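Below is one structure, written out as structure tokens; comments come after it.
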Amino acid sequence: MEKLQNTCKKALELLKKGGADNAQARASFVTTNEFNVDSGRFSLYRTLYRSSLSLQALIGGREGRASAESLEEEDVRSLAADCLASAAAAKPDDCRVYAAENRKGDFVSGAVDCDREKLFERSKELLETVKTRFPLIVMEQMIISHDSRKTVYADASGTVYTRRSGEYTVSLMYSAHDGDKTSSFFGSDAVCTDLDRPFIELGRMEEELAEVQRQIETKPVEGKFTGTVVLTPGVFGWLIDNAVGNFASGGALFEGTSPWAESVGKRVASPGVTLRLAPKDGRIVNGPVVSAEGFLNEDFCLIEDGVLQGFVLSHYYANKLKKQPSPNTTPCYVVDGGGKEAADIIKGVKKGLLVGRLSGGRPSAGGEFSAVAKNSFLIEDGEIKDAVSETMINGNIRDMLMQISAVSAETVEDGNSVLPFASVENVVISGR
Amino acid sequence: MDKDMLYGCKSAFIPGAHVELRAQKNRQRAVTLLKGDVVHNARSQSGGVCARVYKDGVWGFSSLAETSAEAAKSVIDAATGNAVFLDDRTGYGLPPIPGAAYARVEHFAPPKDAPQKLYIDFLSELDAYIEKHCPRLLSRAVMAVEDSMEKLLLTSDGAEGHNIIPRSYVYLSLTAEHESGTPVDLTLPIGGFGCFEDNFASPEGLYPQVDELYSQLLQKAEGVHADAGEKLCVLGGMMSGMLAHEAVGHTVEADLVLAGSVAAGKIGQVVASPLVSLTDFANTAFGETAPLPVYLDDEGIEAKDAPLIKDGVLVGYMNNRESARHFGMEPLGNARAFAFSDEPLVRMRNTAVHPGDSSLEDMIASVDDGYYLTSSNNGQADTTGEFMFGVCMGYEIKKGRLGKALLDTTISGIAFNMLKTVDMVGDKLTWVSSGMCGKKQPMPVGMGGPALRCRVMIGGR
């Protein structure tokens, strides 16, 4: 940590000496241990030793950024010169600000040290569990890793934040096979801070493996109809992330494309939808502590009971738009659970889909999208029927938020977000 | 990077083991102007050294963010230790990795490095032209990106290489308002292989593309939703290139074949119309340098073209050394790594459908009721060959003539079914190389194709 602090200090001195009015330096060491499984067997063990230094400087409202891996003194000098030259070339923009609070802080979170032997045993156990309990699953790739991180953030005002953090990450890509028949591939991911539980218990991993096994036989939906789609937490997260990016972000508001520009205090989602951006929530693993502008992140509520409370604005965009910056701009989404279990929500669906993955074009700035429903099942008269193929859903994500009829009582915590299932009414579903 | 330093580390290789030692430097320069403001202005680089060691069926790998003899020896030791750790716990006992013909390949020229001011001045002038000549815009963004990947490679069976792939692009992104009040947008990447100064002499050179993109956007601003369902379509060259990459290319990557992709067991079978041939080109295609030429892969295999479909018949997969041994095929240089801290994976290089003999005009004239789809903003496919592409520009075809522009939509299908419906193939090839293919690691790739007439599912209202 001392080397990182000294590197930041040296870089800031160079930037200030070079004319920077304000400057930031971030330095890190990351050690990664990673086991890979390919086509069902262990194939690779990697250890990575990475360092990085990122510099930002403001000169008369002109911003430059430069980053590199090396922390050697000669390279730090070169990087600082690069950063200053970039800033000098930029256009002045008074909306650029960095924190200048002269604060100190030391943060420790997660699993800082890697238990390599236990990590391998948990990996092996997961592979064997899948083979035993889900015999039709072929593990295309399984990546299980641990990152141990030391980071220092420092700025020209004297602020220094240090952080030691670490986490285990489980990432699976698989499909189910029976003779010549095969399901679509599916990915399950989770992050955790200990090895106390078998990996199969993380997130929705067990349910997702079981669902994919039932997706070998598929049928296209016949014709086109308007129905209810029940989104799994992963797909609901996609909907929320696109809504935040297209409607509530500084970029969308500045571009003038956000339909929510005048909607603070108004309903933008169904009652019962409460969304927080919460990097400090205990269920989020190693949420970011410091913003890109050097401010400490705090949790906040973006949508409360369907009503928009504000926007997701950095200080830069807040200044551009003459609005208040938000307490953070992270994608650490936490959505409150509702009153009914997902199974009961599905029982109330006359005709629609249980959507496990959407493969689709990026929604347009206005929210229009069409996508193929992958890893999805037809729902008829409250029952989950066949898995579907060649079936598309079309709509607008802004309308979909308003058409949510229920969010599930249970939420899925995968370390990155906390999300329930959500059912959405009046969605166009089209088959062959 | 210092070749002599790296090559001097061969003495640290463990006798009898297959070892790959690579030093690599990736560089990126990027500037974005949003409505005239510089919202992104950054220079970055990463570099270091890595080693990969094979032992009885498993690999050990290690990387360090330094490029020195000491660092090289350190990663060889660590990678060896990792291979031993995994071998002790798995005991697969597989045979040694197949050797390869001696290859010494050098395609390196020091990359130019334009100062950030050049990018900002270039974009400012371009942005001023857009602001003046495109009055109906809701928003505009221009972005310049240059990235390069320089690699030095040494393998225990004698391959030596020093290569660089620089590429640079300007992205134009324009947004207008549809008559319904919703925003519509279009983005156009311009550029290709080479440093920024090589590809972009002056902003004026891009004004015709700005005018054309603006014209298309105004058509889209009066656009209509596609009629959902299976339709007869003419896919433009960009779309067929994406089809070549996403819907076919990934299913014939040998690691995905081993995981059970739809192409498993189909070598020699008819998977497309006899009009369709498809190849993953290494460095030269149809007599010209391919968009992102690869001469040596990161396992030390000299790169050659990989024929995938010939006259509608599946004829090959893309392999690394291990998978080539499994399938009894020749490795053709498809094992590529993105960063110094990445191991080689089976990747595409420049994947294209071969051009045919139909003119685009004849193809459009032959459609009574369908669509001409020209641009895509993304695409995905899975191992079943079921694909989806976002369509961000297209037109109705009514009685052989182009009609109204389309709003954003999606097409989908199952590749080996859809390719059998191809009954006309255009005579002009279009390449795209601005994107990154995603597969554990990103990777710059080229994709290309001619116009194709086929039946495909289209989304809509």
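Only one of the listed residues (B:ALA71, B:ALA83, B:ALA78, B:ALA23) is open to solvent by less than 20 Å² (accessible area, probe 1.4 Å), modelled with pLDDT of 95 or more and closer than 22 Å to A:SER52 by Cβ. That residue is B:ALA23. Have a look at B:GLY205, B:GLY158, B:GLY194 and point out the one that is under 22 Å from the mean Cα position of the chain (by Cα) and of a type outside the set (A, V, I, L, M, F, W, C). After applying the criteria, what remains is B:GLY194. If you go through the range B:217-237 and keep only what is aliphatic (A, V, I, L, M) and either assigned to a strand (DSSP E or B) or within 14 Å of chain A (Cβ to nearest Cβ) (or both), you end up with B:LEU217, B:ALA221, B:VAL224, B:ALA226, B:ALA228, B:LEU232, B:VAL234, B:LEU235.
When the range A:126-169 is filtered for residues that are within 14 Å of chain B (Cβ to nearest Cβ) and hydroxyl-bearing (Ser, Thr, Tyr), the ones remaining, listed by number, are A:SER145, A:THR169. Among residues of the range A:78-105 that are under 17 Å from A:GLY19 (Cβ atoms) and at the interface with chain B (Cβ under 8 Å from one of its Cβ atoms), those with a beta-carbon under 6 Å from a residue that is open to solvent by less than 40 Å² (accessible area, probe 1.4 Å) and in a helix (DSSP H, G or I) at least six positions away or on a different chain give the pairs A:SER86/B:GLN116; A:ALA89/B:GLN116; A:ALA89/B:ILE120. For the subset of the range B:45-75 comprising residues that are free of Cβ contacts under 8 Å to residues at least 24 places away in the same chain and assigned to a strand (DSSP E or B), which member is nearest to A:GLU34 (Cα to Cα)? Once the filter is applied, the top-ranked residue is B:SER62. Residue count for the range B:142-177 under the criterion of being open to solvent by 20 Å² or more (accessible area, probe 1.4 Å) and more than 30 Å from B:LYS3 (Cβ to Cβ): the result is 4.
Residue-by-condition table, conditions (1) assigned by TED's automatic domain parsing to the domain that holds B:LEU314; (2) in a loop (DSSP other than H, G, I, E, B); (3) of a type in the set (A, V, I, L, M, F, W, C); (4) modelled with pLDDT under 95:
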| position | (1), (2), (3), (4) |
| --- | --- |
| B:LEU402 | yes, no, yes, no |
| B:ILE411 | yes, no, yes, yes |
| B:LEU419 | yes, no, yes, no |
| B:LYS428 | yes, yes, no, no |
| B:SER434 | yes, yes, no, yes |
| B:GLY438 | yes, no, no, yes |
| B:MET443 | yes, no, yes, no |
| B:GLY448 | yes, no, no, no |
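Considering only the range B:395-427, state which residues are within 12 Å of chain A (Cβ to nearest Cβ) and either among the acidic types (Asp, Glu) or crowded, with 22+ Cβ neighbours inside 10 Å (or both). Of everything in the range B:395-427, those that are within 12 Å of chain A (Cβ to nearest Cβ) and either among the acidic types (Asp, Glu) or crowded, with 22+ Cβ neighbours inside 10 Å (or both) turn out to be B:LEU406, B:LEU407, B:ASP408, B:THR409, B:THR410, B:ILE411, B:SER412, B:GLY413, B:MET418. In this entry, A:GLY395 is excluded by the filter for residues that are in contact (Cβ under 8 Å) with a residue 12 or more places away in the chain and either touching a helix residue (DSSP H, G or I) at 6+ places or on another chain (Cβ under 9 Å) or more than 14 Å from chain B (Cβ to nearest Cβ) (or both). Of the candidates B:LEU360, B:LEU373, the single residue that is over 30 Å from B:LYS25 (Cβ atoms), more than 11 Å from every other protein chain (Cβ to nearest Cβ) and open to solvent by less than 10 Å² (accessible area, probe 1.4 Å) is B:LEU373. From the list A:GLY203, A:GLY237, which one is within 20 Å of the chain's Cα centre (by Cα), touching a residue at least 24 places away in the same chain (Cβ under 8 Å) and not assigned by TED's automatic domain parsing to the domain that holds A:GLY395? Residue meeting the stated conditions: A:GLY203. When the range A:11-56 is filtered for residues that are over 30 Å from B:SER261 (Cα atoms), crowded, with 18+ Cβ neighbours inside 10 Å and of a type in the set (Lys, Arg), the ones remaining, listed by number, are A:ARG26, A:ARG50. Checking each residue in the range B:428-459 for being open to solvent by less than 10 Å² (accessible area, probe 1.4 Å), small (Gly, Ala, Ser) and within 14 Å of chain A (Cβ to nearest Cβ) picks out only B:GLY459. Of all the residues in the range B:263-278, those that are surrounded by 23 or more Cβ atoms within 10 Å (Cβ to Cβ) and at pLDDT 95 or above number 4.
Determine whether A:GLU74 is surrounded by fewer than 20 Cβ atoms within 10 Å (Cβ to Cβ), part of a helix (DSSP H, G or I) and among the acidic types (Asp, Glu). The answer is yes for A:GLU74.
The values are calculated or read from the model by the stated rules, or taken from the named source; none is laboratory data. Keep in mind the model is a prediction, meaning the values are calculated, not measured. Note that each Cβ is placed from the backbone with ideal geometry, even for glycine, and that neighbours are counted across all protein chains shown. For accessibility, only protein heavy atoms count, side chains too; no ligands or nucleic acids. Shrake-Rupley method; radii C 1.70, N 1.55, O 1.52, S 1.80 Å.
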